[in-house]
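Reviewing the structure listed below.
The values are calculated or read from the model by the stated rules, or taken from the named source; none is laboratory data. Quantities reported herein were computed from a predicted structural model and do not represent experimental measurements. When we count neighbours, we look across all protein chains shown, and the Cβ atoms used for this are built from the backbone with ideal geometry, even at glycine.
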Amino acid sequence: MITFSEHTLENGLRIIIHEDHSTPLAALNLLYDVGARDEHPEQTGFAHLFEHLMFEGSANIPHYDTPLQLAGGNNNAFTSNDITNYYLTLPAANIETGFWLESDRMLQLAFSQEKLDIQKKVVSEEFKQRYLNQPYGDLWLLIRPLIYDQHPYRWATIGKDLSHIENATLNQVESFFYAHYAPNNAILVVSGHVHTPEIIQLSEKWFGPIPQRQIKKRNLPIEPRQKQEKRLSVEREVPADLLLMAFHMPHRTHPDYYAYDLLSDIMSNGKSSLLYQRLVKENNLFSEINAYVLGSIDPGLFMISGRMNKNHSLEKGEQAVWQILNEIKQNGLTEQALQKVKNRFETAEQFSLMNILNKAMKLAFAAHMGNVGLVNTEPSMYHAVSANDIQRVACEAFCSDNSTILEYKAINH
């Protein structure tokens, strides 16, 4: 159970506070409601670019990291297709340093052509190293535009083309900042050895003066229902063939999300999981295979990814996966198998609640989904999933017309 209180500033910034006096530390998590899905199709990668630019100094603070380190803190950030999330931890006695740093860069970044050029180069190098020059690095660059015809999930957070970042202008970057990075488009969570009245006072002091901004209205195209199998085969300099299978599934707040999430755990969480036992241990078709859900705010994906053992073809591997999927559709799963994965979920959930930063992130994301209380009610939704629910969602998702298959073949020398 995570206790929390909520407060909203006049400028629209939502504040969520969780007191945990078992630690001398505090965590500050700032979630902005902007991700890769909010980018223009010809200006992709901007949300991720800002993950870098936000550490390049703000209006009154030339270097973000230095004062935080002097206060005994550390920080990081991540960008997804849906959100951009910045977080830091530090001794609770120094919490005001975090407010000072985060409020100043929300107010105004220190934009300059020099700083933009530096970060464009950094992001371009990341694009090349992680996505173009690394084995299997371009998987998502290949499969996203194959899966999606209309929705901006069709490009990865890094962007769909390197030229979009290389050609980004200072005016474009500033416009993107003021259209999305604002108190009325953010959620601030403070967790740890803090006192609610003090946090409200600090929020008013540091974030209160920041004006609201005109947030760009989100009007995303709805992805049409897939009606036939999609397939792509490529050859690359990689050590082994890889099979990637994608199936459309509901969005993160849909009631069936929990059944899909548990199904992915049943299939591949641990060495006793279904795919590992059948396809790695018994048949030795794959050296590794995983199933997972993306948990997207808009309708998302159920993914199966497996690396083939040599002397076994991708065709044989795909047939074996389909056989298991069809068995789940026809026969379902035992209550024992379902209960086992629920127990593992419960253990992982309780363990995660021991960390103040994890709790801050959970609160922020629950608030982003529209209900902070989900942090406490979602476990019961997982426990309410039945074996019939698992079989039903499997029947809905695992059909050829709903599938996208990427055959990633190793070049034979």
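Looking only at residues of the stretch 284-300 that are in contact (Cβ under 8 Å) with a residue 40 or more places away in the chain and polar (S, T, N, Q), we find that the one that is farthest from residue 263 (Cα to Cα) is 287. Test residue 356 against the stated conditions and say whether it is under 30 Å from residue 85 (Cβ atoms) and in contact with an Asp or Glu (Cβ under 7 Å, 6 or more places away or on another chain). Yes. Return a yes/no flag: does the stretch 191-202 have any residue that is at pLDDT 95 or above, crowded, with 21+ Cβ neighbours inside 10 Å and of a type in the set (S, T, N, Q). Yes, the stretch 191-202 contains at least one residue that is at pLDDT 95 or above, crowded, with 21+ Cβ neighbours inside 10 Å and of a type in the set (S, T, N, Q). Which condition from (1) assigned to a loop (DSSP other than H, G, I, E, B); (2) crowded, with 18+ Cβ neighbours inside 10 Å is the one that residue 50 breaks? Failing condition for residue 50: (1).
When you look at residue 278, is it in a strand (DSSP E or B) and either crowded, with 20+ Cβ neighbours inside 10 Å or basic (Lys, Arg) (or both), yes or no? When the stated conditions are applied, residue 278 does not pass them.
Which residues, taken from the stretch 346-383, are over 18 Å from residue 254 (Cα atoms), part of a helix (DSSP H, G or I) and either among the aliphatic types (A, V, I, L, M) or touching a residue at least 60 places away in the same chain (Cβ under 8 Å) (or both)?
First pass over the stretch 346-383, keeping only residues over 18 Å from residue 254 (Cα atoms): 346-361, 363-364.
Remaining after also requiring part of a helix (DSSP H, G or I): 346-352, 356-361, 363-364.
Answer for the stretch 346-383, where residues must be over 18 Å from residue 254 (Cα atoms), part of a helix (DSSP H, G or I) and either among the aliphatic types (A, V, I, L, M) or touching a residue at least 60 places away in the same chain (Cβ under 8 Å) (or both): 348, 356, 357, 359, 360, 361, 363, 364.
If the condition is being out of contact with any Gly (no Cβ under 9 Å at 6 or more places or on another chain), modelled with pLDDT of 95 or more and either of a type in the set (Gly, Ala, Ser) or farther than 30 Å from residue 400 by Cβ (or both), then the stretch 321-357 contributes no residue at all.
In the stretch 233-263, the qualifying residues are those that are under 12 Å from residue 411 (Cβ atoms) and not aliphatic (A, V, I, L, M), and the one that is surrounded by the most Cβ atoms within 10 Å (Cβ to Cβ) is 241.
I'd like the full set of residues that are surrounded by fewer than 17 Cβ atoms within 10 Å (Cβ to Cβ) and not in a loop (DSSP other than H, G, I, E, B), limited to the stretch 397-408.
So in the stretch 397-408, the residues surrounded by fewer than 17 Cβ atoms within 10 Å (Cβ to Cβ) come out as 399-401.
Scanning the stretch 397-408 gives 400, 401.
When the stretch 203-218 is filtered for residues that are modelled with pLDDT of 95 or more and out of contact with any helix residue (DSSP H, G or I) (no Cβ under 9 Å at 6 or more places or on another chain), only 204 remains.
Are any residues in the stretch 156-206 assigned to a helix (DSSP H, G or I), hydrophobic (A, V, I, L, M, F, W, C) and in contact (Cβ under 8 Å) with a residue 40 or more places away in the chain, and if so, which ones? Within the stretch 156-206, 165, 170, 173, 176, 177, 199, 200, 202, 206 qualify. The residue pairs whose first member lies in the stretch 214-233 and is over 27 Å from residue 400 (Cβ atoms) and touching a residue at least 24 places away in the same chain (Cβ under 8 Å), whose second member is among the hydrophobic types (A, V, I, L, M, F, W, C) and surrounded by 14 or more Cβ atoms within 10 Å (Cβ to Cβ), and whose beta carbons are closer than 6 Å, counting only pairs six or more residues apart or on different chains, are 216/179.
Return the total of residues in the stretch 6-47 being charged (D, E, K, R) and either closer than 26 Å to residue 118 by Cβ or part of a loop (DSSP other than H, G, I, E, B) (or both). Even if it seems obvious, please write down each step before you answer.
Within the stretch 6-47, the subset charged (D, E, K, R) is 6, 10, 14, 19-20, 33, 37-39, 42.
With the extra rule that they be either closer than 26 Å to residue 118 by Cβ or part of a loop (DSSP other than H, G, I, E, B) (or both), the set shrinks to 10, 20, 33, 38-39, 42.
Going through the stretch 6-47 one residue at a time, the tally reaches 6.
Quick check, is residue 12 more than 20 Å from the chain's Cα centre (by Cα) and in contact (Cβ under 8 Å) with a residue 24 or more places away in the chain? Quick ask: steps written out before the conclusion?
Numbers: more than 20 Å from the chain's Cα centre (by Cα): yes; in contact (Cβ under 8 Å) with a residue 24 or more places away in the chain: yes.
Taking the combined requirement at face value, the residue satisfies it.
State whether the residues of the stretch 121-136 include one that is in the same structural domain as residue 179 (by TED's automatic domain parsing), among the hydrophobic types (A, V, I, L, M, F, W, C), under 23 Å from the mean Cα position of the chain (by Cα) and surrounded by fewer than 17 Cβ atoms within 10 Å (Cβ to Cβ). Don't jump to the end; show me each part of the working.
Filtering the stretch 121-136 for residues in the same structural domain as residue 179 (by TED's automatic domain parsing) gives 121-136.
Now restrict to residues that are among the hydrophobic types (A, V, I, L, M, F, W, C): 122-123, 127, 132.
Those left that are additionally under 23 Å from the mean Cα position of the chain (by Cα): 122-123, 127, 132.
Narrowing the set further to residues that are surrounded by fewer than 17 Cβ atoms within 10 Å (Cβ to Cβ) leaves 122, 132.
The answer is yes, given that some residue of the stretch 121-136 is in the same structural domain as residue 179 (by TED's automatic domain parsing), among the hydrophobic types (A, V, I, L, M, F, W, C), under 23 Å from the mean Cα position of the chain (by Cα) and surrounded by fewer than 17 Cβ atoms within 10 Å (Cβ to Cβ).
Of all the residues in the stretch 349-378, those that are surrounded by 22 or more Cβ atoms within 10 Å (Cβ to Cβ), closer than 15 Å to residue 23 by Cα and aliphatic (A, V, I, L, M) number 2.
Out of contact with any strand residue (DSSP E or B) (no Cβ under 7 Å at 6 or more places or on another chain) and either on the phi > 0 side of the Ramachandran plot or at pLDDT below 90 (or both), is that true of residue 59? It is true that residue 59 is out of contact with any strand residue (DSSP E or B) (no Cβ under 7 Å at 6 or more places or on another chain) and either on the phi > 0 side of the Ramachandran plot or at pLDDT below 90 (or both). Scanning the stretch 302-320 for residues that are among the basic types (Lys, Arg), modelled with pLDDT of 95 or more and loosely packed, with under 15 Cβ neighbours inside 10 Å gives a single hit, 316.
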